[in-house]
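Q: Dumping the structure here so I can ask a few things about it.
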Amino acid sequence: MRGIAAALDSIALTLWVGAMWAIGFVVAPVLFARLSDRALAGLLAGKLFTLVSYLGIACAAYLLLYRLLRHGGASLRQLAFWVIVVMLILIVAGEFAVQPILAGLKAQALPREVMESVFRDRFNAWHGIASTLYVIESLLGAVLVVLTGRGR
């Protein structure tokens, strides 16, 4: 059973970080580059980022639980454990604090697109915050991959 749990640990990490990188740094830029309708590109990218957020929450929960069950209190002294915790905090902040603000600005702008409204500057500022959180999370994902590859 321990072998399956360890394999699921590797799979969860790969799925989470791989999805984050693929959507954030490959798929979303392609959507904006190839679709002439930027609002549609944004809508699709937003749906994908939400999916990645929920995937990340599930994977982080497994990764933390696995470490706690395997190493007990010693988990709290492992850098990888705390990297996962910080990544999870960033996901929760982005998905449940920043994204509702962005959605609210879009709703207030209706019937116009938010980028054609008086809310454009506020939307851009909050979008920048969301993007920064995502980039930090992605960099921490790289750190986590390296750490777990070393067996830490």
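The values are calculated or read from the model by the stated rules, or taken from the named source; none is laboratory data. In this text the structure is predicted, and so the values were computed from the model without any measurement. Using ideal geometry, Cβ is built from the backbone for each residue, glycine included, and neighbour counts are taken over all protein chains shown.
Q: Give Pro111, Pro100 a once-over and let me know the one that is more than 30 Å from Thr14 (Cβ to Cβ), surrounded by fewer than 15 Cβ atoms within 10 Å (Cβ to Cβ) and either in contact with a Leu (Cβ under 6 Å, 6 or more places away or on another chain) or of a type outside the set (D, E, K, R) (or both).
A: Within the list Pro111, Pro100, the selection yields Pro111.
Q: Pairs under 9 Å by beta carbon, first residue within 22 Å of Ser117 (Cβ to Cβ) and touching a residue at least 40 places away in the same chain (Cβ under 8 Å) in the range 24-53, partner outside any helix (DSSP H, G or I) and of a type outside the set (A, V, I, L, M), six or more apart or different chains?
A: From residues that are within 22 Å of Ser117 (Cβ to Cβ) and touching a residue at least 40 places away in the same chain (Cβ under 8 Å), the pairs are Arg38/Glu113; Ala39/Glu113.
Residue-by-condition table, conditions (1) aliphatic (A, V, I, L, M); (2) at pLDDT below 95:
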{"site": "Ala6", "(1), (2)": "yes, yes"}
{"site": "Ala12", "(1), (2)": "yes, no"}
{"site": "Trp16", "(1), (2)": "no, no"}
{"site": "Val86", "(1), (2)": "yes, no"}
{"site": "Leu90", "(1), (2)": "yes, no"}
{"site": "Gln108", "(1), (2)": "no, yes"}
{"site": "Pro111", "(1), (2)": "no, yes"}
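Residues checked against (1) farther than 20 Å from Ala19 by Cβ; (2) of a type in the set (Val, Ile, Thr):
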| residue | (1), (2) |
| --- | --- |
| Ala39 | yes, no |
| Ser75 | yes, no |
| Met87 | no, no |
| Glu95 | no, no |
| Pro100 | yes, no |
| Thr132 | no, yes |
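Q: Could I ask something else about it? Taking Ile91 and the conditions (1) among the β-branched types (Val, Ile, Thr); (2) surrounded by fewer than 16 Cβ atoms within 10 Å (Cβ to Cβ); (3) part of a helix (DSSP H, G or I), which numbered condition does it fall short on, given that it satisfies the others?
A: If we test Ile91 against (1) among the β-branched types (Val, Ile, Thr); (2) surrounded by fewer than 16 Cβ atoms within 10 Å (Cβ to Cβ); (3) part of a helix (DSSP H, G or I), just (2) comes out false.
Residues are listed down the side, and each one gets a yes or a no for (1) within 14 Å of the chain's Cα centre (by Cα); (2) surrounded by 13 or more Cβ atoms within 10 Å (Cβ to Cβ); (3) more than 30 Å from Ala103 (Cβ to Cβ):
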residue	(1), (2), (3)
Gly3	no, no, yes
Ala7	no, no, yes
Ala12	yes, yes, no
Trp16	yes, yes, no
Ala19	yes, yes, no
Ile23	yes, yes, no
Ala28	yes, yes, no
Asp37	no, no, no
Gly42	no, yes, no
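Q: Would a scan of the range 139-152 turn up a residue that is in a helix (DSSP H, G or I), touching a helix residue (DSSP H, G or I) at 6+ places or on another chain (Cβ under 7 Å) and exposed (fewer than 12 other Cβ atoms within 10 Å of the Cβ)?
A: Scanning the range 139-152, I find no residue that is in a helix (DSSP H, G or I), touching a helix residue (DSSP H, G or I) at 6+ places or on another chain (Cβ under 7 Å) and exposed (fewer than 12 other Cβ atoms within 10 Å of the Cβ), so the answer is no.
Q: With the range 1-84 as the region, which helices (runs of 4 or more DSSP H) entirely inside it contain at least 1 residues that are under 16 Å from Glu95 (Cα atoms) and among the aliphatic types (A, V, I, L, M)?
A: Ranges flagged: 2-22, 38-71.
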